[in-house]
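Peer 1: Have a look at this one.
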Protein chains: 2
Amino acid sequence: MADKVTIADVARAAGVSRQTVSNALNTPEVVREETRRRVLDVVEELGYRVNLAARQMRTGRSRLIAARIDPEQDGINGSVGDRFLHGLTETAAAEGYRVLLYTAKANGDDGEIAAFDDLLGAHEPDAFVLMATHHGDRRTSWLTERGVPFVTFGRPWSEPTAAGHPWVDVDGAAGTDAATRHLLSRGHRRIGFLGWPKGSGVGDDRREGWRRALAEVGLGTAGLFTETEDDVAPGEQAARRLLDADPEITALVCASDSLALGALHVARAPGPAWHAGGHPHRPVAVVGFDDTPVAKAIGLTSVRQPIGEVASSCLRQLAHQLDGGAGAPPEHLLLPPSLVVRASG
Amino acid sequence: MADKVTIADVARAAGVSRQTVSNALNTPEVVREETRRRVLDVVEELGYRVNLAARQMRTGRSRLIAARIDPEQDGINGSVGDRFLHGLTETAAAEGYRVLLYTAKANGDDGEIAAFDDLLGAHEPDAFVLMATHHGDRRTSWLTERGVPFVTFGRPWSEPTAAGHPWVDVDGAAGTDAATRHLLSRGHRRIGFLGWPKGSGVGDDRREGWRRALAEVGLGTAGLFTETEDDVAPGEQAARRLLDADPEITALVCASDSLALGALHVARAPGPAWHAGGHPHRPVAVVGFDDTPVAKAIGLTSVRQPIGEVASSCLRQLAHQLDGGAGAPPEHLLLPPSLVVRASG
DNA sequence: TTCCTTAACTTGAACGATCAAATCATGCAT
DNA sequence: ATGCATGATTTGATCGTTCAAGTTAAGGAA
């Protein structure tokens with residue numbers, strides 16, 4: 001049990017000073033080649049590993065990156081956060097970092113800021129990864145003011161994007177655009193959009209992609225859009241509303257898989273609503289967003305975000321900022337999603 | 001920007017020594033009431049918070065608990081891990097701990113053990129939380145040998161349960177037992193079981209619950225059981241096999257929601273298999289296991305594990321072991337699941 | 001030779017906390 | 001009075017690392 005090999009043990013065994021060992025490991029260029037090799041051999045032999053707590057004390061760096069784990073909302077869209085965390089953790093390990101989890105109660109931004117404060121006072125993570133940016137996000141300004149490094153999965157929807165903090169995002173509009181084109185190519189002409197209340201950056205962006213795809217082929221969007229809370233039941237009601245109001249609609253693009261699932265309930269199990277209208281059966285194509293496990297399970301066509309790539313980009317960007325050049329300007333990366341076509345449309 | 005308030009700052013401001021401040025915070029009973037109060041006031045005023053890195057150096061305790069984040073398998077059962085992590089993180093915060101994530105490539109136990117080694121050498125978590133224990137689990141013996149505290153979500157399937165490490169588990173047999181009774185109460189008599197290959201502790205346990213529920217009412221299980229890999233497509237094939245072989249079967253209990261989903265594909269969209277057998281339509285009740293988001297989405301009756309409780313029990317047990325009495329014997333907690341009845345059965 | 005520069009390495013201090021032992025009162029029995 | 005246990009507080013050392021400054025030796029220019 002060769003427990004607790006310290007840098008001093010290595011120094012003694014290699015016949016050099018502590019500092020030389022430290023240099024051989026962290027600043028190899030200042031150590032003579034031969035010495036470096038000898039030290040590294042001893043390190044290997046004794047199984048030395050730096051004690052991060054001690055290093056942190058001296059350098060102030062913990063090699064910890066904090067990320068939030070959300071309470072699953074409806075459990076459907078939750079899987080995005082899961083994949084994201086997994087991606088973060090994997091890339092973090094490759095870059096010599098670890099992911100530290102935190103939660104925040106429902107108090108919104110302020111609740112999360114309180115969590116920041118707690119963490120910074122105790123475990124002192126080197127950086128944060130934030131998800132779900134939104135208009136007037138107070139979290140980003142709080143961190144910026146304090147000079148705490150962070151990246152966001154999501155654009156800053158309010159500030160001018162030119163300056164500001166580094167971020168990675170998925171081009172939601174491109175996703176719904178592709179979904180809409182796909183439906184057009186299958187012959188659909190009246191294509192509705194089932195979205196969230198206006199004012200959310202993400203939701204508005206996704207609606208915009210649908211709008212512009214229709215506009216490009218000269219189709220308007222009047223009466224084709226409705227909005228509701230992001231859950232299955234509301235989605236079902238909203239879809240019914242939309243389909244009842246306009247009997248010509250044959251396809252729906254949805255802002256999330258939750259909504260799409262609600263829409264599918266209407267599309268697949270035709271109810272009295274349009275029996276009354278004279279349609280014994282009315283096939284409506286549905287496209288969701290996020291390609292969650294549920295989408296796969298029920299054969300729902302959906303827009304897939306490259307979550308793994310987003311995660312590793314976020315983390316690499318942080319690692320670069322923390323370890324490498326602090327001078328480089330914050331990067332902004334917009335990744336394209338892809339459409340996964342299944343039975344629903 | 002009153003950055004970096006140290007214990008020395010507090011000591012100076014309160015007119016006492018560093019050690020007294022430390023005592024006032026960590027061992028209040030040795031400090032005079034009046035002094036304690038004065039120190040605590042200054043702590044409040046200056047916003048002092050212990051530097052965990054420094055403390056860790058001295059005490060060897062990081063207040064970090066490591067847990068693995070799995071790569072989502074089929075994405076369906078993955079949500080269990082997600083809920084579990086969330087529960088851990090919440091309870092951890094309440095107990096003054098944080099959850100540190102790690103991943104392990106596909107190398108099985110040895111891969112995870114390598115991750116243990118890495119973590120212990122670097123961030124030195126105080127304990128581990130393991131999931132998915134199985135026969136001959138090498139991880140638990142590795143940790144035990146090294147005296148690293150840990151709990152498992154899952155019984156030790158090999159060792160005698162009396163001694164050993166602390167664990168928390170859900171009574172899977174009770175779950176399938178309840179599911180089977182439920183089906184019996186609805187009039188089903190020939191109830192099949194769709195499970196995993198024998199030899200997995202969890203799978204065998206779940207099959208046993210089904211078996212004993214049938215046995216209690218005098219029913220046998222011959223020809224009612226089949227096994228397959230835990231995924232949707234294999235589940236579908238296995239279900240078809242079982243239903244084809246025995247036309248009397250009217251209900252299926254499944255070892256997971258993935259399998260149940262496969263079974264539902266057969267049950268809800270009757271194929272030629274029993275058209276040929278003379279049944280134009282054959283309603284088969286299906287019950288899954290885990291109550292994943294997919295189950296909720298498609299109306300699948302499923303056995304719900306109290307994941308949140310499992311997580312908080314795991315964590316409280318660790319916290320107790322780490323902070324409180326080290327003398328207490330390891331606890332073993334078997335929690336009952338509950339049946340969530342939906343349209344599928 | 002003497003001085004200066006540079007490369008290679010060493011030494012002492014410091015990060016911020018806690019442990020262990022020492023100090024200083026205080027009260028009480030002898 | 002003296003001694004002694006007890007309670008409250010302080011002092012010095014230490015955890016393992018890296019920073020900043022210091023030392024040593026070798027090489028080159030004056």
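Peer 1: Taking chain A as the reference, fit the longest principal axis to its C-alpha atoms, fit the long axis of helix A:33-46 to the helix C-alpha atoms, and give the angle between the two in degrees, 0 to 90, nearest 10.
Peer 2: So the helix axis and the longest Cα principal axis differ by about 70 degrees.
Peer 1: Something else about it: Provide the descending list of Cα extents for the stretch A:64-210 along its principal axes, expressed in whole angstroms.
Peer 2: Computed over the Cα atoms, the extents are 58, 30, 30 Å.
Peer 1: Run the helix sum for chain B: -39,500 (n - 2.57) per DSSP H stretch of 4+ residues, divided by residue count, reported at 222 nm to the nearest 500 deg cm²/dmol. Walk me through the numbers before you get to the answer.
Peer 2: Details: 14 runs with 162 residues, N = 345.
The helix contribution divided over chain B gives -14500 deg cm²/dmol.
Peer 1: Where the only charges are on Cβ atoms (+1 Lys, Arg; -1 Asp, Glu), what is the dipole of the stretch B:70-199 about its Cα centre, to the nearest 20 debye?
Peer 2: Here the stretch B:70-199 has a charge dipole of around 860 debye.
Peer 1: Let me ask something else. For peptide B:50-57, how many partner chain Cβ atoms fall within 10 Å of a residue's Cβ, on average?
Peer 2: Working: counts 2, 6, 7, 14, 4, 2, 7, 5.
Mean shielding count: 6.
Peer 1: Rounding to the nearest 10 and keeping the result within 0 to 90°, find how far the Cα-based axis of helix B:257-268 lies from the longest principal axis of chain B.
Peer 2: Tilt relative to chain B: about 30 degrees.
Peer 1: Still on this structure, please answer the following. I'd like the mean, over residues of A:253-262, of how many other protein chain beta carbons sit within 10 Å of each residue's own Cβ. Kindly include the intermediate steps, with their values, before the conclusion.
Peer 2: Working: counts 0, 0, 0, 0, 2, 2, 0, 0, 4, 1.
Average per residue, whole number: 1.
Peer 1: Same structure, new question: Hey, which aspartates and glutamates would be in cross-link range of A:Lys4, C-alpha to C-alpha under 19 Å, not counting anything within fewer than 8 residues on its own chain?
Peer 2: List returned: A:Asp41, A:Glu44, A:Glu45, B:Asp117, B:Asp118, B:Glu124, B:Asp126, B:Glu145.
Peer 1: Need one value: the accessible area of A:Thr20 in square angstrom, 1.4 angstrom probe, rounded to the nearest 10.
Peer 2: 40 Å²
Peer 1: Charges only on Cβ, +1 for Lys and Arg, -1 for Asp and Glu: so what's the dipole of the protein assembly as shown about the Cα centre, in debye to the nearest 20? Please report the intermediate quantities before stating the final value.
Peer 2: On the way: 74 positive and 90 negative charges, 47 e Å.
For the protein assembly as shown, the charge dipole is close to 220 debye.
Peer 1: Once you sort the root eigenvalues of the Cα gyration tensor of the protein assembly as shown as a ≥ b ≥ c, which label holds: rounded (a/c under 1.5), prolate (a/b larger than b/c) or oblate (the other case)?
Peer 2: Values: a/c = 2.09, a/b = 1.40, b/c = 1.49.
Oblate is the answer for the protein assembly as shown, as a/c is 1.5 or above yet b/c matches or exceeds a/b.
Peer 1: Let a ≥ b ≥ c be the square roots of the eigenvalues of the Cα gyration tensor of chain A; is it rounded (a/c under 1.5), or, if not, prolate (a/b larger than b/c) or oblate? Please list the in-between numbers first.
Peer 2: Working: a/c = 2.91, a/b = 2.71, b/c = 1.07.
It comes out prolate by the Cα gyration axes.
Peer 1: Once the label point is set 7 Å along the Cα-to-beta-carbon vector, what list of distances in nm do you get between A:Val341 and its counterparts in the other copies?
Peer 2: Its label point is 4.4 nm from the equivalent points in the other copies.
Peer 1: Which value, in debye to the nearest 20, describes the size of the charge dipole of the stretch B:7-50 about its Cα centre when Lys and Arg Cβ atoms bear +1, Asp and Glu Cβ atoms bear -1, and nothing else is charged? Before the final figure, lay out each step's value.
Peer 2: On the way: 7 positive and 7 negative charges, 28 e Å.
The calculation lands at about 140 debye.
Peer 1: If you don't mind, another one. With the crude spin-label approximation of a point 7 Å out along Cα→Cβ, what separation in nm comes out for B:Lys4 versus B:His320?
Peer 2: Inter-label distance under the simple model: 4.2 nm.
Peer 1: Which distances, in nm and shortest first, link the B:Arg58 label point to the same label point in every other copy, taking 7 Å along Cα→Cβ?
Peer 2: 2.0
Peer 1: Setting aside same-chain residues fewer than 8 positions from B:Lys198, which lysines have a Cα under 30 Å from its Cα?
Peer 2: Within reach: A:Lys296, B:Lys105, B:Lys296.
Peer 1: Okay, next question. Taking a ≥ b ≥ c as the square roots of the eigenvalues of the Cα gyration tensor of the stretch B:180-267, is the shape rounded (a/c under 1.5), prolate (a/b larger than b/c) or oblate?
Peer 2: Working: a/c = 1.73, a/b = 1.22, b/c = 1.43.
In terms of gyration-tensor shape, oblate.
Peer 1: Peptides B:111-121, A:305-315: what's the order by average Cβ count within 10 Å, highest mean first?
Peer 2: Values: B:111-121: 16.6, A:305-315: 22.1.
The densest-packed peptide leads the list: A:305-315, B:111-121.
Peer 1: How far is A:Ala222 from itself in the other copies, in nm, if each label sits 7 Å out from Cα along the Cα-Cβ line, shortest first?
Peer 2: Shortest to longest, the spacings are 7.4 nm.
Peer 1: Here is a further query. To the nearest Å, what is the center-to-center distance of the stretch B:300-345 and the stretch B:187-233, using C-alpha atoms only?
Peer 2: If we compute the Cα centre of each part, the gap is 24 Å.
Peer 1: Would you mind putting A:25-32, B:172-179, B:96-103 in packing order, based on average other-beta-carbon counts within 10 Å, highest first? Working shown, then result.
Peer 2: Working: A:25-32: 12.4, B:172-179: 24.4, B:96-103: 22.0.
The densest-packed peptide leads the list: B:172-179, B:96-103, A:25-32.
Peer 1: Please determine, in degrees from 0 to 90 and to the nearest 10, the orientation of helix A:78-94 with respect to the longest principal axis defined by the Cα atoms of chain A, where the helix direction is its Cα long axis.
Peer 2: Taking Cα atoms only, the helix is inclined about 20 degrees.
Peer 1: Related question: Would you mind giving the mean number of other chain beta-carbons within 10 Å of the Cβ of each residue in A:287-293, as a whole number?
Peer 2: Working: counts 0, 0, 0, 0, 1, 5, 16.
Mean shielding count: 3.
Peer 1: Give the long-range amide H neighbours of B:Phe193: residues separated by 5 or more places, or on another chain, with amide H under 5 Å away, using H modelled in the peptide plane at 1.01 Å from N.
Peer 2: Amide H neighbours of B:Phe193: B:Phe225, B:Thr226, B:Val253.
Peer 1: In addition: Considering amide H positions built from the backbone, and no H for Pro or chain starts, which residues 5 or more places from A:Val286, or on another chain, come under 5 Å of its amide H?
Peer 2: Placed amide hydrogens put A:Leu252, A:Gly345 under 5 Å from A:Val286.
The values are calculated or read from the model by the stated rules, or taken from the named source; none is laboratory data. Here the structure is a predicted model, which is why all the values come from computation and not from measurement. Positions of Cβ are backbone-derived with ideal geometry, glycine not excepted, and every protein chain shown enters the neighbour counts. Each accessible area value is taken on the protein alone, full model and side chains, heavy atoms only, with ligands, DNA and RNA left out. Shrake-Rupley method; radii C 1.70, N 1.55, O 1.52, S 1.80 Å.
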